[in-house]
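Chemist: This structure is in C-alpha cells; I'll ask about it shortly.
Rule-based calculations on the coordinates, nothing more; no lab input. Computed from a predicted model, the values in this text were never measured in an experiment. Methodologically, a virtual Cβ is constructed for each residue, glycine included, from the backbone with ideal geometry; neighbour enumeration extends over all protein chains shown.
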Amino acid sequence: MTKKDKKSFHQSLAEWKLFLYNPTTGAFLGRTAKSWGLILLFYLVFYGFLAALFTFTMWVMLQTLNDEVPKYRDQISSPGLTVFPKPVTALEYSFSVSEPESYKGYIEDLKKFLTPYASEAQKNLKVCTDGALSEQKGPVYEACQFPLNLLEACSGENDPEFGYSQGHPCILVKMNRIIGLKPQGQPRIECTGNSKASYLQPLVAVQLNYTASSTPKEVTVECKIVGSKNLKNYDDRDKFLGRVAFKITMRA
Amino acid sequence: MGQKTPRIYSVELNGAKDMKQTDKGDGKDKYRGLQDNCLELRNNQRQEHLTKEIDLDDHKLSNKELETKYHTNIVTGLSSTQAAELLARDGPNALSPPKETPEIIKFLKQMVGGFSILLWAGAILCWIAYGIQYSSDKSSSLDNVYLGTVLALVVILTGIFAYYQEAKSTNIMASFSKMIPQQALVIRDSEKKIIPAEQLVVGDIVEIKGGDQIPADIRLLFAQGCKVDNSSLTGESEPQSRSCEFTHDDPLETKNIGFYSTTCLEGTATGMVINTGDRTIIGQIASLASGVGNEKTPIAIEIKHFVHIVAGVAISIGVLFFIIAVSMKYRVLDSIIFLIGIIVANVPEGLLATVTVTLSLTAKRMAKKNCLVKNLEAVETLGSTSIICSDKTGTLTQNRMTVAHLWFDNQIFMADTSEDQLKQTFDQSSGTWASLSKIIALCNRAEFRPGQERVPIMKRVVVGDASETALLKFSEVVLGDVMEIRKRNHKVAEIPFNSTNKFQLSIHKTDDPIDKRFLMVMKGAPEKVLEKCSTIMVNGQEQPLNNSTAEAFYTAYMELGGLGERVLGFCHLYLPADEFPETYSFDVDAMNFPMSDLCFVGLLSMIDPPRSTVPDAITKCRSAGIKVIMVTGDHPITAKAIAKSVGIISANSETVEDIAKRLNIAVEQVNKQDAKAAVVTGMELKDMSEDQLDEVLTSYPEIVFARTSPQQKLIIVEGCQRQDAVVAVTGDGVNDSPALKKADIGIAMGIAGSDAAKNAADMVLLDDNFASIVTGVEEGRLIFDNLKKTIAYTLTKNIAELCPFLIYIIVGVPLPLGTITILFIDLGTDIVPSIALAYEKAESDIMNRKPRHKKEDRLVNKPLAVYSYLHIGIMQSLGAFLVYFTVYAQEGFRPSTLINLRVEWEKDSVNNLEDSYGQEWTRYQRKYLEWTGYTAFFIGIMVQQIADLIIRKTRRNSIFQQGLFRNKVIWVGIASQIIIALILSYGLGSITALNFTMLRPQYWFVAVPHAILIWVYDEVRKLFIRLYPGSWWDKNMYY
C-alpha cells in the first residue's frame, strides 16, 4: 500500500503537470487550443440560444400581465394590519415621558409616515364621501383624499409630539393596501385594551389616555378589523392578518 | 502402432495406471502448491503448523501402533466414556464455519461504503449548519435538521434493505448445506452404532460403504473394492481405489487414508478416525481461503469514482459561491451556511436507494435464471467479465458418462448424447448389434435403485461406477427393461473389473430355452479384449480375425480415443454345451473356462458429453469478447476434445502440437504465431515463470489447462488479473475456494459445489450450467448501461435543484425551491422513474461488444457529467425558473421587483412589503407565496424530468428506434411522478409543514415547451452521434 502511494504521488504530480500543459500535444488543461476553441464556441452558441429562449419566454409571460392590476390576488385576499411608528423590537414601544430622546425616533417615524398625507400632497385627489365605495375601471385612476384632521390629536397638526410628551402616545394602525379589495359590510378597526381608540379608514390612530398616574405603565393593545365578512381578522399562522397587537411601556 | 498405444490406453476404462503416473508427478506438485499458498497467505507460524499437521504419519503405522497411539481397540472400538472425554477435548467433528463476519458488522458495512459516505457527510454538514444557525438565531428554521435526518434515514433504510437482500441469498445458500445431518456407523463399546458424524472422535472405528461420505480423516484398516472420489480435495475426477496398505510416504498419496468430505463410491471399508473437524486435511485447506483478500468489485470502484466526481463538483461550486458570497458582503457565518447548503444540494439523496434496488432487481432476475448472487455488487461484475476460467466437469459437461459412439460391422455409429435422450436412432438391424447389446446389458454390475419406474431413464439413480451407469442407461434406452433381461439370462459366474486384468467378465444362462449353452460376455480395455479374440463378428456372422480386420479395429479405436472418449471393447463366447453342461460349476479363481478364441463384437466409447446449451453459450461469449479458458483436472486429450466440441477451441484453430503433426515437423519448429489454441498441462504450468504464463495467456486466444490441480487455478487467475482482466472463476471443490476468492467474481456450483466453495464465491450457479453464466453476463452488462442512465437521470435535476439556491444567493430573489421540496423530488417523484430505467432493454446487442475496459469505460464519465449538469440540467433550470417567475409575476411580484428583495422578504417584522403594484404583503402571506413558488418550481422540474426520463431510455438510438412503449415500467414511473405531484399539491396542500400549496392548473404546463425542447435537443444529439461516429460531437456528447 505504501509502495503504491509513494509511486502514485510522484506519478500524480507528473500527471498533473502534463494535464496543465502537455508540450507534445500542446494541450492545455487536457484540451488543445483548437479543442478549447470548439468547446467554447459550442457553449457560446448553446448558452446564447438558451438565454435568448429564456428571455423570449419571459417576455411572452410578461405580456400576460396588466400594468395596473395584478393578474391574481388570491394570495392576499384579506389585508394585514401594520402599525406606525415602527417599534424597535417586536411590536413593543417603550419610552419615558420625561426623556424626549427616548421617543424622538417614534415621532420622527410618524412624521415621515404622515408626510404624504399632508393636505398639500393630497390636493389633487378626489374628495370622496365618507364610507362610500369608490370603484374605478381605469384607464385613469383617481384616489380619494384622506384628510389628516380625521386623526384628530394624532394628526400631528396640533401636537407635533403626537402626545408622547404628555403621556398620551399615538400609534397609527394601517390596513395593508390590496388592489381591488371590496370590503363587504361596514368594516372598522376595533382596538381593545385600556385605551381610547378612534378608528378611521384607512388609517387609525390609537391614543393612549392614561388616567391613573402610577408609573411605569404597561398596556397591551390589540386591534382588529371587524364588521366585514370578507376581511378576516383571525388566522392561525398569520398574526397580522386583519389584526395587530402591540405593547406600550411608558415610564414617567 | 505400438508407440501410440499408451496414449490411447490412457483414456480407457478406469485408467488406473495412468492415474498412478500422474500421482507420482502431479500429485506431489499438488501438495507443494498447497504449501506455496500457505507461504503467501499465512504467516510463518501458521504455515509451520499446517506443514506439521499434514506430516501425519498414521499411514505408516501398523494397526497395533495405531491402537496404542489412539488408545483404542480395532475390534471393540472406544468406550462411550472415552469418546465423550475426547469429544469434550477436541470439540465436534465439523468444519468450523469460515470466520463469519458478525451480523452487526455486515449490517454496519452496508452503511459506510461508497454512496453512504457521501450521504453521511451531507447529513453531518446539515447538522453543523443548523448548529451555526442556531447559535446566531435561536428561532432558525429546522429545515437543515430535517434534511440531515432524512439523509441519515436514507442511508440506514437502504442499508437495512441491502442487508436484508444479501441475508436472503445467504439463506438460500444455507438451505443447500442444511442437508440431512450426516450419520456415521461407528463401533463403540463393541457395538455398532449409528451416531451423527459430528460426534466422532479420534480413535473411533467407523465403517463406510459405497455412497457414504467419509465422515472424518480415517486410516483404513480393512477395505474391499473401495473406491473414493477425491475430487473435492484434489480436483481429480477419476475414482481412486483405497486399500489398507501403506503405498506412499505422502499422506495425500497413500492409499490407506480416506479424507473427510470425500465420497466412497463403491466397496466397503473400515477405518480408524485419525483427525476430526478443522484438523482434517480439508479443514486446513478450507481455512486457507479466508486468507485470500476479497477483490473490490468493479461497481464499487465505479461508485467510488462517481462519489469523487460528485464531491468534486459539490466542493468546487460550494467554494466558488462561498467566495462570491463573502465578496458580496454576506456575513461569513451565512456564507458558511451557503457553502454547506450547496454541498448538500449536490448529494443525490435518492441514488443510493435506486442503485441498491436496481441491483437487487437484477439479482432477482438473475436468480430466476439460476445465478444466485450473494453480493449485490457482484451483479455488475459479471457484466464486465473479460475472462471466464471454467471447470469442465459438470459445468461445461453433463457430469455423467454417456455412450457417444459405437463401432461394429466396421462402421462407427454415433449415439445421441443430449440430456434427455429417449431413443437411439442409429441402425440397429444388424445381427452384430443384437449380440453387442446383449453383452452391454449383461456384462454390467450397475443397477437402478428400486422404485424409480416413473423417473425418466436419464434421471434415475444408479448404484455403480460412471461407465457402468452409462452403459446401463444406454441399454435401458435401447433394449427396455435391462433388469428383466438380466433375470432371464441368469448370471452364474462373474469376474469384476480390476486394474490388472482390465476386463470384466460374466457367464450367463441364456434366455433361449432351446440353446442350453452358457454365454460368456466380456468387456474391457479394447486391446486386452482383442488379445483374447480369434474371430470378429461382422453383420452377425463370425469371421476369423485377420490383419485387415485388426487394422480396422485399431483405426476405429484410435479415432474414438482421439475424440477424448473412453473406449471399451466387447466380446463374447458361447461355451460348447458338451464341455460345459448345465450343471457345470464355474470357478472364477481357478478360471475353469476358456479365456481365448473369443469372438470380438464391437467397440463402444463414452464421454462426459457437453451440455447441449454450452456450445451456444461459448459462441455468445466469444462474440461478447469474453475469453473462455477451460481449467480441468482431466486428461489433455479429453479436455481438448470437449473444448473442441463446445467451441472453446474453435473448429479451425490448431495447437502447436496439431500443426507439428499436420506438417510432420518437430514441435519446436512450429511458428508459435500460427497456433491460436493451446493446451497447457499442469506439469508444464508448474515449470512456467510468471512471464511465461503471461505470454501464454496473451498470445493464445483459446486456452485449455488440463491436469491442473485446484491450487494452480489460483496461479492462472492471478495471471489473468495481471492482464487487467476481470476474471470470473467457476469452482466446486474446497480447494477451489482460494481461486474463487481471488477472482473478481467467484462462481460456485450449486449442486456439485462444496460449502467452502459456495462460501468463498460471490455467486452460485443453481444448475451448475455454464450457459447460466452467459445470461448472467448479459444481465450484468445491461445493468451497467442502465445504471448509467439512472445516474444521468438523477444528476440532471441536481443542477435544477442547485441553481435556485445559487440565484437566491447572487440575485437575492426569494428562495425558489425549499429543502423539503428538494427531498420530495429526490426521494419522491424521482425514485420510481429511476428504478424504471433498470427495466430498459438493451439498445443494441450488448453481447456483441467487447467487455468494458476496467479503467477506461467508467460508469460515470466526463461526457455524462457534463451533459447532465451543463446541458439538460441548465435547460431544466431555465424551464423551472420560468414557472417560478410566472407565478410570482402573476401574483404581483414582477421579476424586476424580486431582485435583491431577499432581505426585506425574509424580515419577520416587515408586514407591509410592497409588490410591483403597491399591494402590501404580511410576512405570512409572503411565506405562503414563497411556498407556492416552491411548488411551482417543483412542478417545473417534475414536468421536465418526464422528458429527461424519456430521453434517458437510450444513449445512442433514437427513442423511436427503441420504442416509446416497450418498457412499460417507464410509464409506471411517469404516472407515479404525476400522481405524487398531484397529491403533494392538491392533496396535502393544506399541510404547510411540507411547504406545498395548491397550484393553478395552468402552471403545470408552463414548463412543457422546455420539456419538449429537451427531448428534441437530445434527439438531435443522438442523431449526430449516429451520423458522425468518432467525431468531435461523438467524443464530447456520448456518455
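Chemist: Hydropathy at least 0.0 by Kyte-Doolittle, axial extent at least 18 angstrom from the Cα trace: which helices of chain B, defined as entire DSSP H runs, fit?
Modeler: B:115-136, B:143-177, B:298-327, B:332-345, B:349-368, B:466-479, B:770-810, B:873-891, B:923-951, B:968-982, B:1008-1027
Chemist: If you don't mind, another one. Report, ordered by chain and residue number, the lysines lying within cross-link reach of B:Lys509, taken as a straight Cα distance under 26 Å and ignoring same-chain residues fewer than 8 apart.
Modeler: Reachable lysines: B:Lys438, B:Lys473, B:Lys487, B:Lys491, B:Lys523, B:Lys528, B:Lys532.
Chemist: Given only helices, namely DSSP H runs of n ≥ 4 each adding -39500 (n - 2.57), what is the per-residue ellipticity at 222 nm of the protein assembly as shown, to the nearest 500 deg cm²/dmol?
Modeler: Helices in the protein assembly as shown give a 222 nm mean residue ellipticity of -13500 deg cm²/dmol.
Chemist: Taking a cut-off of 19 Å between Cα atoms, list the lysines near B:Lys209, but don't count ones fewer than 8 places away on the same chain.
Modeler: Hits, sequence-local ones excluded: B:Lys192, B:Lys193, B:Lys227, B:Lys255.
Chemist: When a/c reaches 1.5 or more, the comparison of a/b and b/c decides; with that in mind, is the protein assembly as shown rounded, prolate or oblate per its Cα gyration tensor?
Modeler: Note, shape of the protein assembly as shown comes out prolate.
Chemist: By the gyration tensor of its Cα atoms, with a ≥ b ≥ c the square roots of the eigenvalues, what is the shape of the stretch B:402-605: rounded for a/c under 1.5, prolate for a/b over b/c, or oblate?
Modeler: oblate
Chemist: Rank the residues B:Met328, B:Met366, B:Met272 as a footprinting-exposure proxy: fewest other Cβ atoms within 10 Å of their Cβ go first.
Modeler: By the 10 Å Cβ count, ascending, the order reads B:Met328, B:Met366, B:Met272.
Chemist: Here are some pairs, B:Lys296/B:Lys368; B:Lys789/B:Lys841; A:Lys182/A:Lys232; which of them have Cα atoms lying more than 18 Å apart in this structure?
Modeler: B:Lys296/B:Lys368
Chemist: Let me ask something else about it. Taking +1 at the Cβ of each Lys and Arg and -1 at the Cβ of each Asp and Glu, which of A:Ser78, A:Gly48, A:Leu29 sits farthest along the dipole of the stretch A:18-90 towards its positive end, judged by Cα position relative to the Cα centre?
Modeler: Checking the options against the dipole of the stretch A:18-90, the answer is A:Leu29.
Chemist: Please state the shape class of the stretch B:612-702: rounded when a/c is under 1.5, otherwise prolate if a/b exceeds b/c and oblate if not, all from the C-alpha gyration tensor.
Modeler: prolate
Chemist: Starting from the Cα of B:Lys1035, draw a straight line to each of the aspartates and glutamates and keep only those under 12 Å, dropping any in the same chain fewer than 8 residues away.
Modeler: Leaving aside aspartates and glutamates fewer than 8 places away in the same chain, none come within reach of B:Lys1035.
Chemist: Taking only the alpha carbons of chain B, what extent do you get along each of the three principal axes, in Å, biggest first?
Modeler: Projected onto its principal axes, the Cα set of chain B covers 133, 70, 57 Å.
Chemist: What ratio of Cα Rg to 2.2 N^0.38 Å holds for the stretch B:806-866?
Modeler: Scaled against compact globular proteins, the figure is 1.78.
Chemist: Okay, next question. Putting +1 on Lys and Arg Cβ atoms and -1 on Asp and Glu Cβ atoms, find which of B:Gln541, B:Pro513, B:Ser429 reaches farthest to the positive end of the dipole of the stretch B:402-605.
Modeler: Comparing the listed Cα positions along the dipole, B:Pro513 ranks first.
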